[in-house]
Number of protein chains: 2
Amino acid sequence: MAYKTEHITQQLRAAREAQKMSQRELSARSGLTQSHISQIERGTMEPGLGSLVDVARALDLEIVLAPKKLMPAIRNILDSASASSDVLTSDQRKLVGRLERWFAQHRGGFGSASEADTFKDSLALLRHLPLSAEEMDTFNEATARLERWQADPPSRQELSRIAHAVRHLRNAAVHRDRDDAVPRSAYALDEEDDNA
Amino acid sequence: MAYKTEHITQQLRAAREAQKMSQRELSARSGLTQSHISQIERGTMEPGLGSLVDVARALDLEIVLAPKKLMPAIRNILDSASASSDVLTSDQRKLVGRLERWFAQHRGGFGSASEADTFKDSLALLRHLPLSAEEMDTFNEATARLERWQADPPSRQELSRIAHAVRHLRNAAVHRDRDDAVPRSAYALDEEDDNA
DNA sequence: CTGACTTATATGGAATTATATATCAACTTG
DNA sequence: CAAGTTGATATATAATTCCATATAAGTCAG
C-alpha cells in the first residue's frame with residue numbers, strides 16, 4: 001500500500017541518518033511522534049503531505065516538483081553535493097589509512113576478536129567523520145609509535161590504551177552536534193581543483 | 001489549515017494548466033476524483049502523500065527532496081526550463097550536440113572513467129542552461145578544433161584543458177543568479193497568472 | 001437560449017492517518 | 001554491570017482524508 005511512496009520515505013530516512021539525527025530528535029524538531037516517524041520510515045503507513053513537509057523542513061530539505069525531463073540535470077547537482085564528503089584533512093585520511101593497513105596484519109595482537117572488530121569499526125567511521133585539530137593531536141599522540149609497530153608490536157596494555165583512545169575519538173566525532181560541526185565548504189560545485 | 005502545503009499544491013495547478021489539462025482529464029490519468037483534485041488545488045484539504053505522487057506522475061513531474069543549500073542551483077535549472085526552451089542559442093545547442101556525439105565515440109581518450117562521466121554530465125547541463133555571448137566565445141574557442149578531432153584526437157593534455165573549460169562553464173551556468181541571468185527572448189513567458 | 005464543458009461546493013460514510021502513551025529488545029557507554 | 005539511547009511495536013481515540021454522488025455556476029460555441 002505504501003510502495004508508491006517508498007522512495008521518498010527512504011530518502012527521509014537516509015537524510016536523517018546522514019545528519020546523525022535520532023528519530024526522537026527528529027520528532028522534537030518536526031512535531032511528529034517518534035512512533036509516527038518510525039512507521040513512516042518503515043512504510044507501515046503513508047504520511048500526509050503535511051507531515052512530509054514538517055519532516056522535510058526539520059531535515060533542512062525542500063520538496064521540489066520537477067519535470068521528468070530535467071531530472072538528469074537535477075540529479076547531477078544533487079550528486080555533486082553529496083560527493084563533497086571531503087571534510088577530512090589529508091592528515092586524518094593518511095593516519096586512518098596507515099592504521100587500517102597495520103591492523104590488517106596485526107589484528108591477532110588484540111585480546112579478543114570482538115575488541116579487534118570494534119577497533120576496525122571505529123577506524124572505518126573515522127574515515128568518514130571529521131576530527132578537530134585538538135582531536136587530531138590526541139590521535140597522533142596515541143599512535144605516535146605506529147611507525148615502529150611493524151617491527152616491534154605494542155604490548156597488550158599499550159594496545160588497549162590505543163584502542164580506547166580510538167574509540168573515544170570515534171564517539172566524539174559521532175555524537176558531535178550538527179550545529180557545532182566542523183565547517184564544510186558550502187558548495188562542492190564551486191570547487192575548481194584542477195588536480196583531482 | 002493547509003498553508004504549509006500551499007506552495008506545492010499551487011505548483012500542481014500551475015503544471016496542470018501549463019499542460020492545458022482539465023481537472024477531469026487529470027482525474028482520469030491520476031485516478032483521483034475531479035472533486036478531490038479541485039479541493040487539493042484550492043487548499044480545502046491536504047492530500048495524502050500517495051495522492052500527491054499519483055497526481056505528480058500524471059503530470060510528468062517528479063518529487064525531489066533537495067537540501068536547502070542547493071535550492072538556488074536547482075531553481076536555476078527549473079526556471080531556465082520553464083522560461084522557454086528557446087533560451088539556448090542554436091549555436092550552443094549545436095555545439096553541445098556535436099560534443100556529445102563526439103564524446104560517445106571517444107570517451108576512452110579520457111584519463112579516467114570518472115573524468116569522462118563528469119565531462120558528459122557537464123554537457124548534459126549545458127544542454128539546459130543558457131550561456132552568455134562571452135561564455136559562448138570561450139566555449140567555441142576551447143572546442144575550435146572539434147572538427148578535426150574525429151581524425152586526429154586531441155592530446156591528453158589538451159583534453160584535460162577542454163574538460164576544465166567545460167566544467168567551468170557548467171559551474172558558471174549552474175550558479176548564476178536568476179536575476180542577472182542571461183538575457184531572454186522578450187516574449188518567452190507572459191501567459192502566467194500565478195499569484196505566488 | 002441551448003448544450004457541452006469546466007471548476008467549485010456540499011454531504012456523508014468508510015478508510016486511513018495523527019497522536020499520545022507505553023513497552024521492549026538491542027546497543028552503547030562509562 | 002547500570003544507565004541511557006535508539007528504533008520498532010501495540011493500543012486506543014480523535015481527526016482527516018478519501019471518494020462518490022450531486023449540484024451550482026461560469027464560459028464558450030453554435
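The values are calculated or read from the model by the stated rules, or taken from the named source; none is laboratory data. None of these values were measured; they are calculated from a predicted model. Here Cβ is always computed from backbone atoms with ideal geometry, including for glycine, and neighbour counts include all displayed protein chains.
Flag set for A:Leu49, criterion: within 13 Å of chain B (Cβ to nearest Cβ), closer than 20 Å to B:Lys68 by Cα and in contact with a Gly (Cβ under 7 Å, 6 or more places away or on another chain).
Among residues of segment A:1-43 being within 8 Å of DNA strand D (Cβ to nearest atom) and touching a residue at least 40 places away in the same chain (Cβ under 8 Å), the one that is nearest to the other protein chains (Cβ to nearest Cβ) is A:Arg16.
Every listed requirement among (1) at the interface with chain A (Cβ under 10 Å from one of its Cβ atoms); (2) in contact (Cβ under 8 Å) with a residue 24 or more places away in the chain is met by B:Leu95 save one, (1).
Considering A:Gln105, A:Gln39, A:Gln11, the condition of being modelled with pLDDT under 85 and assigned to a helix (DSSP H, G or I) is satisfied by A:Gln105 alone. Scanning segment B:108-127 for residues that are among the basic types (Lys, Arg) and modelled with pLDDT of 75 or more turns up just one, B:Lys120. Restricted to segment B:31-57, and to residues there that are surrounded by fewer than 21 Cβ atoms within 10 Å (Cβ to Cβ), within 9 Å of DNA strand C (Cβ to nearest atom) and of a type outside the set (Gly, Ala, Ser), the residue that is nearest to the chain's Cα centre (by Cα) is B:Glu41.
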